[in-house]
Amino acid sequence: MSDFANLTDGGRRLGPLLAEALIGEADAVLCPALPNGVPVVIGILESLALPVVALPVERSSEGALVRPVEGLAGRTVVVIDDGVETGTVARAAVAPLRESGAARLILAVPVCPREAMADLQYRYDAIVSVVRPMVRRDLGWHYADFDTIDEPEARRLLGSMPSE
């Protein structure tokens, strides 16, 4: 049995946990990793009203590349993705976001295996997840419908979200 119906359902279930983690954070911004962080952010926005700034990710056989993002200086930045499998995107986002001036970094994902958390907890100020399995599995295993989207669709959806 799957943990989530789809990526948006993962975000819906993640939203209240993230809201609790952000109590007292007045200047937070959600940064969904493109493209699959966007459906997750749609679910989060049902319970948490925050601005959204895209986190472009270039994937290759060598890993992931994330560039600094403008407008994050002094803010709490929440990296949103469909989950952690290998942790490549989550690790790649840290240095550029710190270079962007993020005051605090939070990783918020529906699924984060405990074996990946051992490394990521030293990179992020906090990790928020709904499901924390002991070992890593293919992310699709956790979703009844692993409804991934492409980058043009992700950018189209971002256009309808609250931004700065």
For this session: Can you grab the distance from the C-alpha centre of region 1-46 to the C-alpha centre of region 117-148, Å, no decimals?
Result: 13 Å
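Looking at the chain only, what percent of DSSP beta bridges run antiparallel? Nearest 5 please. List each step's numbers first, then the result.
Numbers: 4 of 22 bridges.
Taking every DSSP beta bridge with both residues in the chain, the antiparallel ones total about 20 percent.
Checking the a/c ratio against 1.5 first, then a/b against b/c, what shape does the Cα gyration tensor give for the chain?
rounded
For every helix of n ≥ 4 consecutive DSSP H residues, a contribution of -39,500 (n - 2.57) applies; sum these over the chain, divide by its total residues, and give [θ] at 222 nm rounded to the nearest 500 deg cm²/dmol. Could the numbers behind the result be given before it?
On the way: 5 runs with 50 residues, N = 164.
Rounded to the nearest 500, the figure is -9000 deg cm²/dmol.
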Problem set entry | Built amide H within the under 5 Å cut-off of ASP145, gap 5+ | ASN6
Problem set entry | Highest to lowest packing among 52-60, 83-91, scored as the average C-beta count within 10 Å | 83-91, 52-60
Problem set entry | Percentage relative contact order, the chain, counting C-alpha pairs under 8 Å, at least six apart | 29 percent
Seminar exercise, completed: The exposure ranking of VAL77, VAL94, fewest beta-carbon neighbours within 10 Å first, is VAL94, VAL77
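Multiply the residue gap between ARG104 and ALA5 by 0.36 nm, knock off their C-alpha separation, and tell me the result in nm, one decimal place. Present the calculation step by step, with values, prior to reporting the outcome.
Working: separation 99, 0.36 × 99 = 35.64 nm, distance 3.06 nm.
Separation in residues times 0.36 nm, less the Cα-Cα distance, equals 32.6 nm.
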Seminar exercise, completed: Zone reached by a paramagnetic label modelled 7 Å from ALA126 Cα along Cα→Cβ, restricted to region 101-115 with backbone N below 18 Å, covers 102-112
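So for each of 148-156, 104-112 I average, over its residues, the number of other beta carbons within 10 Å; can you give me the resulting order with the highest mean first? Show your work: numbers first, answer last.
On the way: 148-156: 14.1, 104-112: 24.9.
With the highest mean Cβ count within 10 Å placed first, the list reads 104-112, 148-156.
Where a number appears in this text, it was derived from the coordinates with a stated rule and is not lab data. No experiment lies behind these values; they were computed from the predicted model shown. Glycine also receives a Cβ, built like all others from the backbone with ideal geometry; neighbour counts cover every protein chain displayed.
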